[in-house]
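Please read the structure below before turning to the comments.
The values are calculated or read from the model by the stated rules, or taken from the named source; none is laboratory data. Keep in mind the model is a prediction, meaning the values are calculated, not measured. Quick reminder, even Gly has a Cβ in these numbers, built from the backbone with ideal geometry, and neighbours come from all protein chains shown.
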Amino acid sequence: MAEIIRLEDIGKVYGQGESAVEALRGVSLSIEEGEFVAIMGASGSGKSTLMNILGCLDRPSRGQYHLVGRDVASMDANDLAEIRNHLLGFVFQSFNLLARTSAVENVELPMLYSGVPTRERRERAIEALTRVGLGNRLHHHPNQLSGGQQQRVAIARALVSKPSVIMADEPTGALDSHTSVEIMALFQELVATGITVVLVTHESDIANYATRVLVVKDGRILSDGRQVAAIASLEGAKK
Ligand code: ADP
Ligand code: MG
């Protein structure tokens, strides 16, 4: 499998002088296509900072980041926007859906900016929602959907631009344990189709569904291990 992400000695400092916070202290890491990586660690350990750098949402203070072989530091704003829109998909703890907008319209949104024609937008949004099991909820608004369904809409929105990598920061953080397992089952399905998933969580129960677990502590990688992933079957989910 090809390497898709390579970090070399990445550091990140927020602020300056007395108030400077060293959020990452030399992170080196290689991720291959098709891996399902869980990044674990206590609150404040640097998980989101690492995720934001991986997602090209923030720049490191030092070190090198190569994404699909390209040096991220050398990219201009257009290159970065292109990467974020086409190579990466994002999923967040709080779903980040537009409230007064239907599921299908939420999923269409990313394509508005990339100039996809109206009809194709609708077709692709329906396809993505069907893929996450919401083909029968196209016109529901977020407040008419459960938390798990809202997160599925957000995953469909991430999928609609056909990303190679999905970055998810605490995607089950707002969900009960049964629904969390459903969402992990969905991520496992995506990985089975060749998508690389990098997921942040502070729960080891959730990290068990990944094929690789990185533990971050005080801005450093404490451990990095591959494992046989638990199967996120719904029967096994705790009610
Ligand atoms: P985690 O996601 O593991 O909880 P973060 O990456 O959010 O951790 O934070 C790592 C450290 O960096 C923490 O000490 C946090 O307070 C600090 N930090 C995060 N974001 C900022 C910021 N924008 N400005 C200053 N400090 C920050
Ligand atoms: Mg965080």
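Structure above, values below:
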quantity	calculated
So Thr172, is it polar (S, T, N, Q), loosely packed, with under 14 Cβ neighbours inside 10 Å and within 19 Å of the chain's Cα centre (by Cα)	no
Val13 within 11 Å of ligand 1 (Cβ to nearest atom), of a type outside the set (Lys, Arg) and surrounded by 14 or more Cβ atoms within 10 Å (Cβ to Cβ)	yes
Among the residues listed as Val72, Val107, Val91, the single one being among the β-branched types (Val, Ile, Thr), within 16 Å of ligand 2 (Cβ to nearest atom), at pLDDT 95 or above and surrounded by 14 or more Cβ atoms within 10 Å (Cβ to Cβ)	Val91
Scope the stretch 173-200; condition in contact (Cβ under 8 Å) with a residue 60 or more places away in the chain and more than 12 Å from Phe36 (Cβ to Cβ); matching residues	Gly173, Ala174, Ser177, His178, Val200
